[in-house]
Structure formats: C-alpha cells, structure tokens
Amino acid sequence: MAFSAIILTIGAAFLTTVALTVLTIVSATLLGVLLTIASILPVSPLQKTAAVYIQVVRNTPLTIVFFLVVFGLPQVGFVLPFFPFAWLALTLYTATFVAETLRSGVLSVAVGEVEAARALGLSWHQLLASLILPQAARSIVPPMTSNYIALLKNTSIASAFGVLEATGVMVEMVNQNSSYVIQIMILTAGIYLALSLGMGLLGDLIERKVRLTR
Amino acid sequence: MKQNALFDSPGPRGLRLIRIATLIWVLCLLLIGAYVVWRLDARGQLAPQKWLPFVTNIKLLKFLGDGLLQTLSASLVALVLSLLAGVVLAMGRALGLAWLSLVIGAYVQVFRGIPVLLNMLFLFLGVPLVLHLNISAYTVVVIALLLYNSAVIAEIMRAGIAALPAGQRSASLALGFSEFQTLRHVLVPQAIRLMIPALISQFIIIIKDSALGFIVGFHEMTAKAQNAALQLGNPLQTYIVIGVVYVAINLAVARMSHWIAHRKTHAASGH
Amino acid sequence: MHDIMIALRDVSKWYGDFQVLRNIDLQIGKGQVVVVCGPSGSGKSTLCRTINRLESIDKGTIEIAGQPLPCEGKALRDLRANVGMVFQSFNLFSHLTIIENVTLAPRKLRRSSKEEAHRHALQLLESVGIASQADKYPAQLSGGQQQRAAIARALAMRPQVILFDEPTSALDPEMVGEVLEVMTRLAEEGMTMLVVTHEMGFARRVADRILFMDEGEIVEDRNPNDFFNDPATDRARAFLSRIL
C-alpha cells in the first residue's frame, strides 16, 4: 500500500475517533449532570445510589466496563452494534469523572455566600442561576478539559471491541505494511497529540475568558 | 461548603416531598432490579453452575489468582519506576537549564497526550519488527505504563515543587547549596510529602491501565478472565467477579491514601 | 400595625444532645436596637440565625411582625426579603461587582426594575460611603468597605428589621469604626436592629437594651447603663471583667 493511502486510511479512522469522542462528551456530560443533581438533592437513597455508582464505576478499569457492556447488555435484552456499545461503555465510565468534577465545583461555592443569598430571600432556582452555576462553571473548566482529553485517549480501547477507530486501524496498517511501521506509529501518535493539545488549548482559551478575579 | 448547607432544613411540606421522592426512587430501583433479574434468569444467567465455580473451582481461583499477581506485580513495578523517573524528570526541569527543560517538557507533553494503549502497541509491534528482538508482554506493559506515568508524575512533582513556599529555595541557596542539592535535599522531599495523595491516585490509575495488557497478550487478570470465561461459558459472571476484585483493590488503595493523609496531619501537629 | 417586631416564645434548640438554646423568651419592639453579648458558645449567633430561619428550632414559636415564622416556601422567602442580615464574614457574592451585589435581590425578586434598582443601590452605597467602589469586585475592597457594602445590600430590600451577626469581629481594628458609624446612623434613623457583638462602646451609646446570654439562656435583659454599671448576675460580672 502506498504511504499516501495509509495516511488517508488512518486519517479517516480518526474521524471515527473524533465522532466517538464528541458523542461521548455530550452523553457523558448529560449523565454526569444527572448524577451530580442526584448526589446533591436531600433524598437519601438517591444520593446513595449516585455515590455507589460513581465509586464502583470509576474504580473499575474501562476495559472491564467494556466487557460488561458487551457481554452483559445482550443478556438483558439490548443487542447493539459495536459502535453504540463503545459509546455506551465510554459514557457510563466518563460520566463518573464528570460528576465528580461538577460536584466539587458546586461545593466550592462559599457556604457564607449561599447563606447570604438565602437570607436575602432568593428561591432555590435563583440561587442556582445567580450564584452557584456562575461560580461553579468558572472553576470547573480545567478539570473538565482534562476529563475530555482523557476520554479522547480512552476511545483507543474501543479498538479491542470491534470499533474501527484510529488505534485499531493503525494496528491493521502496521500488520499489512510492516515496512512502514515507524512512520505509521509516528503519524498516529502525532494526530492524537495534535488533538489532545488542541483540546487543551481550547480549554485554556475558555478558562481565560471566564476567569474570575476573586 | 458542606453538602447540607445548600438547602434549608425542610418544613412539613419539604419533608413530605422528600418522603415521596424517596419512595418513588426506591420503587424505581426495585422495578429495574426486578426487570434485570427476570431477564437474566430467562437467559439462564442466574444458574448456579455459572456462579459456583468462583467458590468451588480451585483451579479457576488459582488461574485467576495468578492473573491478579501479574496485575499487581506489573503495577507495582511500573509505579516504582515511574516515581523514580518522574522525580528525576521533575528535578531536571527545575534545574533551570533551557535545553533540558525543553526536552523534558516535550517528553511530558508527548506521553501525556497519547493513549497508554498506543504505547503498548508501539512496543508490542515495533520492537520485534524494527529491533528484531523478542519482548515479553510483561515488559511491554511495564515500559508502556512507565512512559506514560513518568510524564504524569513529572507534572505532579512540578506542581508540588511550585506549591512550596518560595523561601525554601531561597534559604537553601543562601546556605550555599547548589540548585541540584536544593532540589534533592530540600524541595523534592517536601514536594513528595505534599503530593502523596495524588501519587497514590496515580497508582489506582496504573492498576486500571494494566488491564489493557490483555490486548498485547499479557496474562494479567483481565486476560485470564477472558480465557476462563471462554472455557467455562460464563463471561458475564466472570467479568462481574473480576470487576468486584478490581474495585475492592482500588478502594483499599484509596483508603490507604486517606490513612496516610490522616497520619500526616497528626504528625504535623505534633500529636 | 404591630409594635412587636420580633417575638420568641419558649424557644429551644438542640444539636444532638447539646442544648444550644434554652427556653428563650424575647420581644423586640419596632425601632428598638437590641445588642446581644456573651461568651462564645452561648448561643447568641444561633439565636440571631433562628429569626430568619437559617437555623430551625425544635421547640417554641417565633413571630415576626405578628405573623408566625414560616418554615418554607414563598412565605419564608418573602419574610427573608423583609428581614435583612449582615454576616461576620461579609459574604458578598465574589463573582459580582459591588453594585451588582446590591441590586441582585431587588431585581430577581422583582421589587424593582433594573434602572430603579441601580439608582437606589447607588444611593445606598453613597450613604455608606463607598459609591466610588461600585464597579469593583469584593476582593478588591478592604474588610471595612466590604462590610459596608454588605449593609447596603441588606438595605436594598428595604427591610423592617436587620440582624447583625458579629458584624465587626472579622475586621482589623482600624476599620471597625467606619462600620459602627453606619450602624449607628441606621439606629438613629429608626431601624429595628438585633446586633450580636462584642463592641461594648457601641452598645452603650446606641443600644436600647442589652441581652447577656450564657449557655443558651438570656441571663440578663437590661438597659445598657444599668447593665454596665451594675450587672445583676455573677456570670455577667465575670464576662464584663474579662472583656472590659
């Protein structure tokens, strides 16, 4: 295979990587928000459920989460193609980190300011909108960026579970064109690096725009 | 802010709402649980022969136990090597030599920016093809983990050194120590103590990443699980049991981190 | 028209086994300035915070302007809008400018339009002497300026009562005076005030009554001169000898 063809093949595979990453960013953030809300509401079983879920899943290797999704869901009646399975596994895993980040963001708001807001007569949703969200949103940008970059790198695990994303295709290319092994590896690593550095820069930009002078 | 500071203590209507929400949620959990149990039972997944081997089959337990030992071994070795390398890298960067800082900075950026699995695959595929050498799966996993975690720990140590009061370095230099001696005897030991929780968290990450070893043929716990599940025909049960083991190990490591932090504060206050 | 602004009857509160408020009976009339003093742990802060239900009570009743204190919901929020509070650690919203701090509640609770709230806020900031700081963030102000801003924030809702929970305890000594000056002027203008404080000079000059609390009880309830010249109880005597 000509090297230019290899470049195109790997580049195309990165589209799958990016798609998986972007989709998971959306779904994991949504699930993470739900988990955070559950862990904050004063309903004890809800808090405990969220806490157990988060503690168990974040301490499980992502590999095992993948195995459980791929082997477990069909037994409960959900059979899906490889890509949705990977998306689900990544979502369930990443959401725990998102939830922890969001929760610490909410709890980082000074208790005195919350009391002052309540003492003024603000309702709960006014408290949330005027005090908690603005402050929490600003403090969570760097850790959330880290979470999403980790997610990008974690998509590589989907290669072991049938998804033709960048890492899986790279292995295929190396096996088919062993003379180009070094170039293929450098190319793949280079694109991952570019993507993760790009996400980091984007995060820095956003953080600088919303920075708080405390 | 402590969690309960977010809400007023509930009045009668609030208590009623909480009670209703509690009821609804518990009901939901029971319904979902019942559904899952029903479906699993319909497919025979609750059959004892799928679960009993984990209690009765000694061969299986030994088999998986070997895998666990491999997991812990590779993880510990990788942790120790990464700590050493990470500290050396951080010291190198803190010396203030422009070219050295650049090289180390590049190393850190590269290995934090690419997936650990890629490291493993590079070594697994690349070493035989390019260097024409045999490399054991164990070595592949340990080196791959080392490359990634040395970069992460170098960053952790950099943050730790930067968090120390500026006076530490000034005082040490004023006493006549060189930059290197300052790092070695004054800054790094303090930074390590400061960063112990972060370092222990990194150990948990290493343990989780070791599971990737199954992809490159490393016979750690996940690979053994895959093997056993194939032979015994109970993949779901096997992965659940393995998952529980991983969670238990990681929670134990996390608990140790709390204990160390607890001891530190007591030691610091002279109790 | 009620003369009694705040009425506590047989109020008790426990933290687990520890009783922090014991059978408190207290009535504060309109326009009265009541100072609460006592050793730390005497429950004076808790007492202050039960009045706008930042702390709940386990026994007894609390009435504000003749109405029982609501436990929750809109009724409680309306009451809180009518009862101002100034905290020991100022608690200004760190992500908003000073003027935004002062206008937040009036705008959100739809008491005023944006322009009206802004105008009123500037007036208040002027009256406490920090109009020039209106567009700065709390972190850029000194402690004394922050507390004066906090008082302006409380005043923006035009409350009938203001609760002060150790308003000067976190201030450097040279800034205590500027805050006490504002509070003195408020008292002279007829505001009903409950002030938990150690500032005995202020108490002597401005207060109509002094409550001495110890171990959860109101031990003495006198006018300031009588209290300072001739405390009725040994506990009060011991306390005064320690701080004066």
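Structural remarks
A quick yes/no check of all residues on (1) crowded, with 18+ Cβ neighbours inside 10 Å; (2) among the aromatic types (Phe, Trp, Tyr):
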residue: B:TYR148; (1), (2): yes, yes
residue: B:GLY160; (1), (2): yes, no
residue: B:PHE180; (1), (2): no, yes
residue: B:VAL186; (1), (2): yes, no
residue: B:ARG193; (1), (2): no, no
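- Filtering segment A:111-136 to residues that are within 7 Å of chain C (Cβ to nearest Cβ) and aliphatic (A, V, I, L, M) leaves A:ALA116, A:ALA119, A:LEU120, A:LEU122, A:LEU131.
- Considering each residue of segment B:127-135 in turn, none proves to be surrounded by fewer than 20 Cβ atoms within 10 Å (Cβ to Cβ), closer than 29 Å to B:HIS258 by Cα and not aromatic (Phe, Trp, Tyr).
- In segment A:64-83, the residues that are more than 7 Å from chain B (Cβ to nearest Cβ) and closer than 23 Å to B:ASN250 by Cα never reach a residue that is among the basic types (Lys, Arg) and open to solvent by less than 30 Å² (accessible area, probe 1.4 Å) with C-beta atoms less than 8 angstrom apart, at least six apart or across chains.
- Segment B:50-99 - residue that is within 24 Å of B:LYS208 (Cα to Cα) and of a type in the set (Ser, Thr, Tyr) and, of those, surrounded by the most Cβ atoms within 10 Å (Cβ to Cβ): B:THR71
- Strands (runs of 3 or more DSSP E) enclosed by segment C:50-168 - at least 1 residues per element that are on the phi > 0 side of the Ramachandran plot and away from chain B (no Cβ under 14 Å): C:59-64
- Identity of the residue in segment A:35-46, without any contact (Cβ under 8 Å) to a residue 60 or more places away in the chain and under 22 Å from the mean Cα position of the chain (by Cα), that ends up most open to solvent (accessible area, probe 1.4 Å): A:ILE37
- Single condition C:SER40 does not satisfy, out of (1) away from chain B (no Cβ under 14 Å); (2) at pLDDT 90 or above; (3) open to solvent by 70 Å² or more (accessible area, probe 1.4 Å): (2)
- Condition met for A:SER179 (more than 14 Å from chain C (Cβ to nearest Cβ) and open to solvent by 10 Å² or more (accessible area, probe 1.4 Å)): yes
- Criterion violated by A:LEU88 - all others in (1) more than 15 Å from the chain's Cα centre (by Cα); (2) in a helix (DSSP H, G or I) satisfied: (1)
- Candidate set from segment B:3-49 (those that are within 14 Å of chain C (Cβ to nearest Cβ) and assigned to a loop (DSSP other than H, G, I, E, B)); member that is least open to solvent (accessible area, probe 1.4 Å): B:GLY11
- Exactly one residue out of B:GLY213, B:GLY233, B:GLY167 is within 20 Å of A:ILE157 (Cα to Cα) and out of contact with any Gly (no Cβ under 6 Å at 6 or more places or on another chain): that is B:GLY213.
- A Cβ distance below 8 Å, combined with a sequence gap of six or more or placement on separate chains, defines the contacts here; from segment B:199-228, residues that are without any contact (Cβ under 8 Å) to a residue 60 or more places away in the chain and more than 16 Å from B:ALA248 (Cα to Cα) reach residues that are in a helix (DSSP H, G or I) and open to solvent by less than 20 Å² (accessible area, probe 1.4 Å) in the pairs B:PHE214/A:THR63; B:PHE214/B:THR222; B:PHE214/B:ALA223; B:GLN226/A:PHE67.
The values are calculated or read from the model by the stated rules, or taken from the named source; none is laboratory data. Remember, predicted model here, so these are calculated numbers, not experimental data. Positions of Cβ are generated from backbone atoms using ideal geometry, with glycine treated the same way; all protein chains shown enter the neighbour counts. Protein only, heavy atoms only, side chains kept; ligands, DNA and RNA dropped before computing areas. Shrake-Rupley method; radii C 1.70, N 1.55, O 1.52, S 1.80 Å.
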